[in-house]
Amino acid sequence: NTSHAIKLDLNGKEVWKTAIAGSPTQALLATDAYVFVGDHSGNLYCLDNQNGTLLWQQDTAGKLNAGAVTSALLYSNNVVFVGNTSKRIVALECRQGKILWEYESEENFVNQPVLAQNTLFIGSEKGRLYALWVGDFLKKP
């Protein structure tokens, strides 16, 4: 079975439909330019919001066992942050999907990340709150 990302207009008419190789999770985020979809294998897909073209696909699970993209996604200054059940938080550059930064923990990340004063706050499945400095790559060029 093939999964799809589908964009509808306000009247429910299909604008575009794009096949997604993996099985999508609830991790979804749309900006004016991009639509991001996470899957159960740890992949993050980036689609063009205007026409649905797949721009890139990136494995966020890394060298660890495959882990579903389970946290809500966060977008700031052309960077998307994603947490997963491979005990990783990954920051990706939105245009090409390049991994800018990653943090490995002993816990899965399943909560909504929040960004304040160049620090990423995210909760783990065990109830810990992580505060991670991410300001170095959020500066605008």
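The values are calculated or read from the model by the stated rules, or taken from the named source; none is laboratory data. The model shown is predicted, which means the values in this text are computed figures rather than measured ones. Ideal geometry is used to build each Cβ from the backbone, glycine not excepted, and the neighbour counts take in all protein chains shown. Keep in mind that these areas ignore ligands, DNA and RNA; they rest on the heavy atoms of the full protein, side chains included. Shrake-Rupley method; radii C 1.70, N 1.55, O 1.52, S 1.80 Å.
Note down the relative contact order for the stretch 66-123 as a percent, whole number, built from C-alpha pairs under 8 angstrom at least six residues apart. Walk me through the numbers before you get to the answer.
On the way: 124 pairs, mean separation 17.3, N = 58.
Once divided by the residue count of the stretch 66-123, the mean separation gives 30 percent.
Give the shape of the chain as rounded, prolate or oblate, defined through the alpha-carbon gyration tensor: a ≥ b ≥ c are the square roots of its eigenvalues, a/c under 1.5 means rounded, and otherwise the shape is prolate if a/b is larger than b/c and oblate if not.
On the way: a/c = 1.90, a/b = 1.43, b/c = 1.33.
Judged from the Cα gyration tensor, the chain comes out prolate (a/c at least 1.5, a/b above b/c).
Using 0.36 nm times the number of residues separating F121 and W133, minus their current alpha carbon distance, what extension gain do you get?
Working: separation 12, 0.36 × 12 = 4.32 nm, distance 0.90 nm.
Net length gain for the segment: 3.4 nm.
Please state the charge dipole magnitude for the stretch 1-119, taken about the Cα centre, from unit charges on C-beta atoms (+1 on K and R, -1 on D and E), reported in debye and rounded to the nearest 20. Please list the in-between numbers first.
Working: 8 positive and 11 negative charges, 31 e Å.
Charge dipole, the stretch 1-119, about its Cα centre: 140 debye, nearest 20.
For the chain, report the accessible area per residue in Å² (1.4 Å probe, heavy atoms, rounded to an integer). Intermediate results must be reported in sequence, preceding the final value.
On the way: 7700 Å² over 141 residues.
Heavy-atom SASA per residue in the chain reads 55 Å².
Given H placed 1.01 Å from N in the peptide plane, which residues other than close sequence neighbours of A27 have an amide H under 5 Å from its amide H?
Close amide H contacts, sequence-distant or interchain: G38.
So how much slack lies between Q96 and L54, counting 0.36 nm per residue of separation and subtracting their Cα-Cα distance, in nm?
Details: separation 42, 0.36 × 42 = 15.12 nm, distance 1.10 nm.
Going from the current span to full extension adds 14.0 nm.
Which one of A5, Y34, G22 is farthest out on the positive end of the charge dipole of the chain, using unit charges on Cβ (Lys, Arg +1; Asp, Glu -1) and the Cα centre as origin?
Y34
Counting alpha carbon pairs within less than 8 Å and at least 6 residues apart, what relative contact order, in whole percent, applies to the chain?
Normalised by residue count, the contact order of the chain is 14 percent.
Within the accessible area of the stretch 1-56, what % is carbon and sulfur when the probe is 1.4 Å and the other protein chains stay in place?
Within the stretch 1-56, the accessible surface is 48 percent carbon and sulfur.
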